Amino acid sequence: MKKVLVCKENDPLETRVALIPDDVKKLTGLGFELTVVSGAGLKSGFSDDMYKAAGAKVVAKEEDAASSSEIVVRILKPASASGLAKDSLHISYLDPFNEKELLNGFAKAGVKAVSLEMIPRTTLAQKMDVQSSQTSLAGYVAVLNAAAHLPKILPMMVTPAGTINPARVFIIGVGVAGLQAIATAKRLGARVDAFDTRPVVEEQVKSLGASFVKIDLGEMGQTAQGYAKELTPEQIAKQKEAQAKVCEKANIVITTAKVFGRKAPRLIEKNVLDRMQPGSIVVDMACSTGGNVEGSKLFENVVTENGVTIMSGDLLERQVPYDASKMFSGNITAFLTHAGFYNKEAKEFNVNMEDDIMKGCLLTQGGQIIHERFKA
């Protein structure tokens, strides 16, 4: 397998592209044959001419090359498997827990479907982890967006007219997005507090210069893939009240808590928003999966009766598409050139089910759903 098609995203709100010209050039040098749909990289800052110069063929539309491509890469899940060649490999986000019909469609079409969300969170697979690369950028943008809407500055300033105290930022959830949000807020001069249900991240929080908020919730921990374990209703209630006291003093609150494959936990309710200072900003980075904040809306800002602004924090990496595409492209390139899949001598990519990474993310093959978590 060496014929690769880079699709143009169909969602008008999507600004990223799955492979950038630099990586197209690299893959071409390794024996891959690249085809790119015209306009795929324009919103990210990459023209058709740049792809041609990198060694790719440019086609007018996806249908012109889909049926002859062995590997198809894109960012967002497609509407269906229509037009894809039998035994071809499709690589993208698939939202597998909520897209049973799409998975069945891939299986019926005989297409091998890789779900980027399912790439194992292991050291070896880290360079392929699109979840981490994209949410890191989202954490950065979340702070900038909040700072731009906050009616005060973030750093402390001592001036002849008086001293301005630093803004207080509270980050709930210290995963990849949370860590980047902490680092960004600190660089901008804010006073930062952070909380996570995994006590193991306290050292990371402190290493970035922030304070870790300790809440005794009893037994806590993380899954084998590094995600926070789901809390009991009693633990959630205790966490909410302790967080509320920190939220009251905060100028910016950023929530990043998601449970993979499930509805996001509700962490901040109306009664907490009512206790916050007018002009405060809350960024909910889990809007698309139900929201951490009561009243948050996907891609909309909501202002409460007491003047607190709730900002949508989903897919913020789209606001920095040049770098987001560069990182996403690096992840895809790492996947295609992984030693377990790519044969240097033959200059061929193979779907190797003996490799743990492929086992973790390949959902369909041979006309059926093969991944244990989605067979049923």
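May I ask you to say which residue of 274, 284 is among the charged types (D, E, K, R) and more than 12 Å from residue 256 (Cα to Cα)?
Testing whether each residue is among the charged types (D, E, K, R) and more than 12 Å from residue 256 (Cα to Cα) leaves just 274.
If we keep just the residues of region 22-51 that are closer than 13 Å to residue 72 by Cβ and of a type in the set (Val, Ile, Thr), which is most open to solvent (accessible area, probe 1.4 Å)?
If we take residues in region 22-51 being closer than 13 Å to residue 72 by Cβ and of a type in the set (Val, Ile, Thr), then 35 is most open to solvent (accessible area, probe 1.4 Å).
Taking the condition of being open to solvent by 20 Å² or more (accessible area, probe 1.4 Å) and in contact (Cβ under 8 Å) with a residue 40 or more places away in the chain, how many residues in region 322-341 meet it?
6
Residues of region 90-126 being surrounded by 17 or more Cβ atoms within 10 Å (Cβ to Cβ), among the β-branched types (Val, Ile, Thr) and either farther than 16 Å from residue 7 by Cβ or touching an Asp or Glu at 6+ places or on another chain (Cβ under 6 Å) (or both), which ones?
119
One residue is enough: does region 149-157 have a residue meeting the conditions among the charged types (D, E, K, R), closer than 26 Å to residue 337 by Cα and at pLDDT 95 or above? Even if it seems obvious, please write down each step before you answer.
Let us first name the residues in region 149-157 that are among the charged types (D, E, K, R), namely 152.
Still in the list and also closer than 26 Å to residue 337 by Cα: none.
Scanning region 149-157, I find no residue that is among the charged types (D, E, K, R), closer than 26 Å to residue 337 by Cα and at pLDDT 95 or above, so the answer is no.
Failed condition for residue 8, given (1) in contact with a helix residue (DSSP H, G or I) (Cβ under 8 Å, 6 or more places away or on another chain); (2) of a type in the set (Lys, Arg); (3) not in a loop (DSSP other than H, G, I, E, B), with all others met?
Condition (3) is where residue 8 drops out.
Pick from 297, 359, 344, 326: which is closer than 24 Å to residue 105 by Cα and of a type in the set (Lys, Arg)?
Sole residue among the options that is closer than 24 Å to residue 105 by Cα and of a type in the set (Lys, Arg): 359.
Take residue 307 and tell me if it is in a loop (DSSP other than H, G, I, E, B) and touching a Pro at 6+ places or on another chain (Cβ under 7 Å). Can you show your working first?
Details: in a loop (DSSP other than H, G, I, E, B): yes; touching a Pro at 6+ places or on another chain (Cβ under 7 Å): yes.
It is true that residue 307 is in a loop (DSSP other than H, G, I, E, B) and touching a Pro at 6+ places or on another chain (Cβ under 7 Å).
If the requirement is being farther than 20 Å from residue 102 by Cβ and small (Gly, Ala, Ser), which of these qualifies: 334, 376?
That would be 334, the only listed residue that is farther than 20 Å from residue 102 by Cβ and small (Gly, Ala, Ser).
Collect the residues in region 4-21 that are in contact (Cβ under 8 Å) with a residue 60 or more places away in the chain and surrounded by fewer than 18 Cβ atoms within 10 Å (Cβ to Cβ), keeping them in residue-number order.
10, 11, 13, 14, listed by residue number.
So residue 144 ticks every box in (1) more than 21 Å from residue 257 (Cα to Cα); (2) aliphatic (A, V, I, L, M); (3) open to solvent by 60 Å² or more (accessible area, probe 1.4 Å) but one. Which box is left unticked?
Single failed check for residue 144: (1).
Here's a check for you: in region 163-181, which residue that is small (Gly, Ala, Ser) and part of a loop (DSSP other than H, G, I, E, B) is most open to solvent (accessible area, probe 1.4 Å)?
Ranking the qualifying residues of region 163-181, first place goes to 175.
Exactly one condition in (1) free of Cβ contacts under 8 Å to residues at least 40 places away in the same chain; (2) in a loop (DSSP other than H, G, I, E, B); (3) hydrophobic (A, V, I, L, M, F, W, C); (4) touching a Lys or Arg at 6+ places or on another chain (Cβ under 9 Å) is false for residue 351; which is it?
The one condition residue 351 does not meet is (1).
Which members of region 310-341 meet the condition of being touching a Ser or Thr at 6+ places or on another chain (Cβ under 7 Å) and not small (Gly, Ala, Ser)?
Listed by number, the residues that qualify are 310, 314, 318, 321, 322, 327, 328, 331.
When you scan region 342-358, how many residues do you find that are more than 22 Å from the chain's Cα centre (by Cα) and either open to solvent by less than 10 Å² (accessible area, probe 1.4 Å) or at positive phi (or both)?
2
Out of the residues in region 186-204 meeting the condition of being part of a loop (DSSP other than H, G, I, E, B) and of a type outside the set (Ser, Thr, Tyr), tell me which one is surrounded by the most Cβ atoms within 10 Å (Cβ to Cβ).
190
Can you find, within region 234-291, the residue that is surrounded by the fewest Cβ atoms within 10 Å (Cβ to Cβ) among those that are over 21 Å from residue 184 (Cβ atoms) and among the small types (Gly, Ala, Ser)?
Among those that are over 21 Å from residue 184 (Cβ atoms) and among the small types (Gly, Ala, Ser), it is 237.
Which one of these is assigned to a strand (DSSP E or B) and in contact with a Leu (Cβ under 8 Å, 6 or more places away or on another chain): 147, 142, 138, 113?
113
Is it true that residue 84 is in a loop (DSSP other than H, G, I, E, B), buried (at least 24 other Cβ atoms within 10 Å of the Cβ), free of Cβ contacts under 8 Å to residues at least 40 places away in the same chain and not small (Gly, Ala, Ser)?
yes
The values are calculated or read from the model by the stated rules, or taken from the named source; none is laboratory data. Because the structure is a prediction, the values reported are computed rather than measured. With ideal geometry, Cβ positions are generated from the backbone for all residues, glycine too; neighbour counts draw on all protein chains shown. Note: areas computed on protein heavy atoms with side chains; ligands, DNA, RNA excluded. Shrake-Rupley method; radii C 1.70, N 1.55, O 1.52, S 1.80 Å.
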